[in-house]
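Q: The structure under discussion is supplied below as structure tokens; questions concerning it will follow.
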Amino acid sequence: MNGGHYVEISHLDVIYDVTKGVFSPKQLVHAVNDVSFTIEAGETFGLVGESGCGKSSLGRAIVGINKPRSGDIRINGQDVTHLHGRSLHDFRREVQMIFQDPYASLNPRMTIGEILSEPMVIHGLHRSPGAREERVTELLRTVGLKPDHVRRYPHEFSGGQRQRISIARTLAVNPRFIICDEPISALDVSIQAQIINLLKQIQKERNIAYLFIAHDIGMVKHISDRIGVMYLGHLVEVGDSSEVYFHPLHPYTKALLSAIPISDPDVGKSRKRIILEGEIPSPLNPPAGCPFSTRCPLADEACRRMPKMQQFGSHQVACHHVNQSV
Ligand SMILES: Nc1ncnc2c1ncn2[C@@H]1O[C@H](COP(=O)(O)OP(=O)(O)OP(=O)(O)O)[C@@H](O)[C@H]1O
Ligand SMILES: [Mg+2]
């Protein structure tokens, strides 16, 4: 049963069948491979890893866009992979997702007022038109837009403003958990900080849990309480945000972090630049054993076996070569 965690993901697998024709050999992409982690109420869990490692597939599985092949997703102690009827309806209110592309995620033919009212109608909230109008005005104010924006259409806004509208839309149903899938990567650098600050402020006011997906581990560190690092469908390290950032244990996390400048002089001095050799293997044909073994400077015979996630201090790491004494 649930050990008191708000979100509990256990042994989750997401597989895509990309077989070309009926007579071709079966081709499966194992996008999420035996992933387990937890998120507490009101917490931000940052998920990082290179393009194609399975971050969006994981996020989409949690909101139910992708059906997981196997594994458990529990929210508030309830298995959400087989919901229907009333409980599915309630789940869709509690868990929301913000997407990378604020252009594609808003219906161009609806006004902002309609876009923000629609989820309230679907979920039977603020039943009278007057109450909905009041709530729309309040939502626009929350995300820093003006009440007279209600009659405008999405194309009349900038990218940053559109992302604010997407955020307002997710807030319309009072969610307790929002999956943010690279919500700022399509935006101008100057706007990114504003959106991040907005998300943090909303979280503080409403105690919402975030799964925050991004490439940039520096930014993820800034916003997250804990961080998970993914490689080729696997979660390879999980820990408190500063711990993972300043004292990474998995060789892949070390390599990821070695590529970015660190302002802390003590950490900066001791950190060697690690250049990873070779390409990320194809998820259609992953290496046997440890997924990182083909590029890992520490790889040896032992790495032909899949390493299990183990606790090292406050970190969990899947590597045969992390020293027990760290
Ligand atoms: N609908 C799909 N059908 C088939 N394969 C898919 C599908 N969506 C994703 N994949 C494959 O699954 C793997 C993981 O993709 P995913 O989009 O989850 O990665 P990501 O970590 O979100 O990458 P990015 O950082 O580029 O957004 C990739 O190999 C990708 O090509
Ligand atoms: Mg993605």
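The values are calculated or read from the model by the stated rules, or taken from the named source; none is laboratory data. As the structure is a prediction and not an experimental result, all values here were calculated from the model. Backbone-built Cβ (ideal geometry, glycine too); neighbour counts: all protein chains shown.
Q: Grab the strands (runs of 3 or more DSSP E) fully contained in region 204-252, keeping just those with 3 or more residues being in contact with a helix residue (DSSP H, G or I) (Cβ under 7 Å, 6 or more places away or on another chain) and among the charged types (D, E, K, R).
A: none
Q: Let me ask something additional. Would you mention how many residues in region 60-114 are at pLDDT 90 or above, of a type in the set (Asp, Glu) and farther than 27 Å from Gly130 by Cβ?
A: 2
Q: State yes or no: is Lys308 modelled with pLDDT under 90 and in a loop (DSSP other than H, G, I, E, B)? If you could, list the steps in order and put the result at the bottom.
A: Details: modelled with pLDDT under 90: no; in a loop (DSSP other than H, G, I, E, B): yes.
Considered against the rule, which asks whether it is modelled with pLDDT under 90 and in a loop (DSSP other than H, G, I, E, B), Lys308 comes out as no.
Q: Within region 20-40, identify whether any single residue is within 22 Å of His123 (Cα to Cα) and within 15 Å of ligand 1 (Cβ to nearest atom), and answer yes or no. Can you show your working first?
A: First, pick out the residues of region 20-40 that are within 22 Å of His123 (Cα to Cα): none.
There is no residue in region 20-40 that is within 22 Å of His123 (Cα to Cα) and within 15 Å of ligand 1 (Cβ to nearest atom).
Q: Could you tell me whether region 27-37 includes any residue that is touching a strand residue (DSSP E or B) at 6+ places or on another chain (Cβ under 6 Å), away from ligand 2 (no atom under 14 Å from the Cβ) and under 26 Å from Gln201 (Cβ atoms)?
A: Kept after step one, since they are touching a strand residue (DSSP E or B) at 6+ places or on another chain (Cβ under 6 Å), are these residues of region 27-37: 28-37.
This time we only want the ones that are away from ligand 2 (no atom under 14 Å from the Cβ), so: 28, 30, 33-37.
Within this subset, residues satisfying the condition of being under 26 Å from Gln201 (Cβ atoms) are 37.
Yes, region 27-37 contains a residue that is touching a strand residue (DSSP E or B) at 6+ places or on another chain (Cβ under 6 Å), away from ligand 2 (no atom under 14 Å from the Cβ) and under 26 Å from Gln201 (Cβ atoms).
Q: Which strands (runs of 3 or more DSSP E) does region 43-143 wholly contain that include 1 or more residues that are under 26 Å from the mean Cα position of the chain (by Cα) and surrounded by fewer than 15 Cβ atoms within 10 Å (Cβ to Cβ)? Outline the logic, then answer.
A: Values: elements: 44-48, 70-75, 95-98.
Result: 70-75.
Q: Here's another thing I want to ask about it. Mind checking whether some residue in region 204-226 is farther than 15 Å from Met97 by Cβ, buried (at least 18 other Cβ atoms within 10 Å of the Cβ), more than 16 Å from ligand 2 (Cβ to nearest atom) and modelled with pLDDT of 95 or more?
A: yes
Q: List every residue pair whose Cβ atoms sit under 7 Å apart, with the two residues 6 or more apart in sequence or on different chains, where the first one lies in region 49-63 and is on the phi > 0 side of the Ramachandran plot and more than 8 Å from ligand 2 (Cβ to nearest atom) and the second, anywhere, is basic (Lys, Arg) and in a helix (DSSP H, G or I).
A: Within 7 Å, the pairs are Gly49/Lys55.
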